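Data block below; observations after.
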């Protein structure tokens, strides 16, 4: 039987190959770790948005005519704005009596504490999901003068509660928002009560004169009751 001869050159070659493999693995691990430690702005924003509203519901709202403004350099939109006449654009709710063109109660939104570092912003609304809405987690995207705000609202109705995505897009124009549009969609109905729209159902509405001017948010009073929440039946609330 022929004896296998291992030369020093072979050993050195194998050593070099092993060192090369180890080097590549360590470099890949270092890059992956560095990516986790220092994520890009796009990665930070994408994760924040996904935590608020899964992509499938974003797609559903865009099919209803909602506009998404992407980017990591949105304008500063801190302020309070009035949506009037707040007009239905579309709905995917079966037998919805709020047809396109239906004028809703005026909507008011307050946006504040916008952060350029983590794309967070705080949002309060009146007559969007319910008579009074507080987003539990919010993000903002956009570039130039265009923006989209992504919020999640917990709304109570008939002994249960649901989580809704509350999105708003527009273009900052001086002290106003131009082409303001809002989208509402149920994204979690696992604790719902009767008479509430189902998961995946929602509406899109817009400012009918295409200009949402500044307003005194605190003067827009609303009586908060369980029934003043988005439902499958007509009410004063969207």
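Structure notes:
- The residue that is nearest to residue 43 (Cα to Cα), among those in segment 120-144 that are touching a strand residue (DSSP E or B) at 6+ places or on another chain (Cβ under 7 Å) and surrounded by fewer than 22 Cβ atoms within 10 Å (Cβ to Cβ), is 120.
- Of the residues making up segment 196-210, those that are more than 15 Å from residue 164 (Cβ to Cβ) and either over 22 Å from the mean Cα position of the chain (by Cα) or without any contact (Cβ under 8 Å) to a residue 40 or more places away in the chain (or both) number 3.
- Lone unmet requirement of (1) touching a residue at least 24 places away in the same chain (Cβ under 8 Å); (2) within 15 Å of the chain's Cα centre (by Cα); (3) over 14 Å from residue 167 (Cβ atoms) for residue 123: (3)
Any read-out appearing in this document is the output of simple, stated calculations on the displayed coordinates, not a laboratory observation. Note that the coordinates shown come from a computational prediction; the quantities given were computed from them, not determined experimentally. Glycine gets a Cβ as well: all are built from the backbone with ideal geometry, and neighbour counts include every protein chain shown.
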